Amino acid sequence: MDNSLNSDESYDLGYQPSPSSMDQSVAETSTMSSDSFLYRRTNSDVSAFSGSVGDSSYSGEASPSCWPNVKSNLSNQTVLSRLGMKKHMNLTDDKLEDLEAVDLELELMKERFAKLLLGEDMSGSGKGVCTAVTISNSITNLYATIFGANLRLEPLNPEKKAMWRREMDCLLSVCDYIVDLTPVSQTLPNGTSVEMMTSRPRSDIYINLPALKKLDAMLIEVLDSFQQTEFWYAEQGSISSKSTTSASASGSFRRISVQRNEEKWWVPVPCVPPGGLSEKSRKHLRHKRDSSNQIHKAAMAINSSILSEMEIPESYMAGLPKSGKACLGDSIYRYTCTSEKFSPEYLLDCLNIASEHEALELADRVESSMYTWRRKACMSNSKSSWVMVKDLMSETDKNDKNHVLAERAESLLFSLKQRYPELSQTSLDTCKIQYNKDVGQAVLESYSRVLESFAYNIVAWIEDVIHVDRSMRNHDQ
């Protein structure tokens, strides 16, 4: 070790060692402890994240012209081991822990990268899904990992928050390379006018991705605002049954705390002190509920716009029924067809939908009938693909019966989704996501979908606390 220190001092003085002394230093380096050898990386381990090391780095002989670089090459080999770092860089225990954390993050990133390349097919046989579906599943699974067990109004765990931001930044980074090439005229110094292709972010990503990142940060801030609260949570408990109200009266399928505790016993129940919350706390809850509700609407609007831009798979169009009447049923079809002033809200009131399953089933039927009528309106063309249908809709007679029925079905579907915003994805939406191959649309759709779910859950949690507070104050009166 003393010899190596003297050698370092000699380099500082500009002295170049002889080949024999260099061979000796190489031999000393090769006789390091076995621990250093066990933690040594290979070139393939680091090639994905740093520049590759040349073959000369592993050469057993050193030419005189390369002597000044031998020290740096040997240092590079030593740096690739944790023990070598500790000896030559004098790292503290805290820095070593940070280094190990970085290594763990790199291993996780390599795992994510491998799954993206393999299309979630670990056999490597090429039977995996496309990149768009893989990224969509990755964002959905990450959201379930971070927020799946979070069932309370409280700040997110710092480790989970850092993991969410780190891995989302990694998954969203693909959007930085999705661009549109546009020609731009440019005049050269000699007066010649030429056109050059310049790249810019794709319009849908340029508009929606920054908005989604802002909504994401706002939702995290909403949770962070509940650090010191007057309410708390109990793993088991119940609220007075007098406060129970029917779900259908409010037009929502969300169960109140008592019913949710019976159906999902693992969900914690909010509790408030005797007399209820203070006016300041109630005002804070209402403010955060309104803010989260606006975020939910914004995320839902972005998600709906992205889904509407996705191409409808040929398999869905081929599976449509021949008659729209068979999809809707006689009663709904009769009102849709005969009413001069069609009111989707009145029709929904008459249907008396009692469960989310019934609402989702109706949405699927209405959506199928809508595209069936649109395809009939364009039957003059032999092709029935969605691209052709969309192109021909602008040329269709607005007074055509099929066109009118399709427009009414679309308005009914829109009102249904507005009345029940927590409705699950329809069969068409699921089919679009499954067969989508546009990576940019996959990122925007999955990101907006998880933020929509996140915002909806926050609103539900706040309303649960407000409901318990109202029940407590009514009970005291």
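The values are calculated or read from the model by the stated rules, or taken from the named source; none is laboratory data. These figures come from a predicted structure and were not determined experimentally. Glycine also receives a Cβ, built like all others from the backbone with ideal geometry; neighbour counts cover every protein chain displayed. With ligands, DNA and RNA removed, areas are computed over all heavy atoms of the protein, side chains included. Shrake-Rupley method; radii C 1.70, N 1.55, O 1.52, S 1.80 Å.
Restricting attention to the stretch 143-157, the residues being of a type in the set (A, V, I, L, M) and in contact (Cβ under 8 Å) with a residue 60 or more places away in the chain number 3. When the stretch 131-170 is filtered for residues that are aliphatic (A, V, I, L, M), part of a helix (DSSP H, G or I) and surrounded by 13 or more Cβ atoms within 10 Å (Cβ to Cβ), the ones remaining, listed by number, are 132, 133, 135, 139, 142, 146, 163, 168.
For the stretch 113-137, filtered to residues that are of a type in the set (Ser, Thr, Tyr) and either without any contact (Cβ under 8 Å) to a residue 40 or more places away in the chain or touching a Phe, Trp or Tyr at 6+ places or on another chain (Cβ under 6 Å) (or both), the residue that is nearest to residue 234 (Cα to Cα) is 134. The lone criterion from (1) over 18 Å from residue 434 (Cβ atoms); (2) loosely packed, with under 14 Cβ neighbours inside 10 Å left unmet by residue 127 is number (1). In the stretch 175-199, which residue that is of a type in the set (A, V, I, L, M, F, W, C) and without any contact (Cβ under 8 Å) to a residue 40 or more places away in the chain is farthest from residue 132 (Cα to Cα)? Residue satisfying both the conditions and the ranking: 188. Residues of the stretch 282-326 that are open to solvent by less than 20 Å² (accessible area, probe 1.4 Å) and farther than 30 Å from residue 204 by Cβ: 285, 324. Residue pairs whose Cβ atoms lie under 8 Å apart, separated by 6 or more positions or on different chains, with the first residue in the stretch 92-112 and of a type in the set (Val, Ile, Thr) and the second modelled with pLDDT of 65 or more and open to solvent by 70 Å² or more (accessible area, probe 1.4 Å), do not occur.
Being surrounded by 12 or more Cβ atoms within 10 Å (Cβ to Cβ) and either at pLDDT below 90 or in contact with a Gly (Cβ under 8 Å, 6 or more places away or on another chain) (or both) is the filter here, so list the residues in the stretch 175-195 that pass it. Matches in the stretch 175-195: 175, 178.
Look at residue 295 and say whether it is more than 36 Å from the chain's Cα centre (by Cα) and of a type outside the set (S, T, N, Q). It is false that residue 295 is more than 36 Å from the chain's Cα centre (by Cα) and of a type outside the set (S, T, N, Q).
Restricting the search to the stretch 274-314, which residues are in a loop (DSSP other than H, G, I, E, B), farther than 24 Å from residue 424 by Cβ and in contact (Cβ under 8 Å) with a residue 60 or more places away in the chain? Those that are in a loop (DSSP other than H, G, I, E, B), farther than 24 Å from residue 424 by Cβ and in contact (Cβ under 8 Å) with a residue 60 or more places away in the chain: 274, 275, 276, 277.
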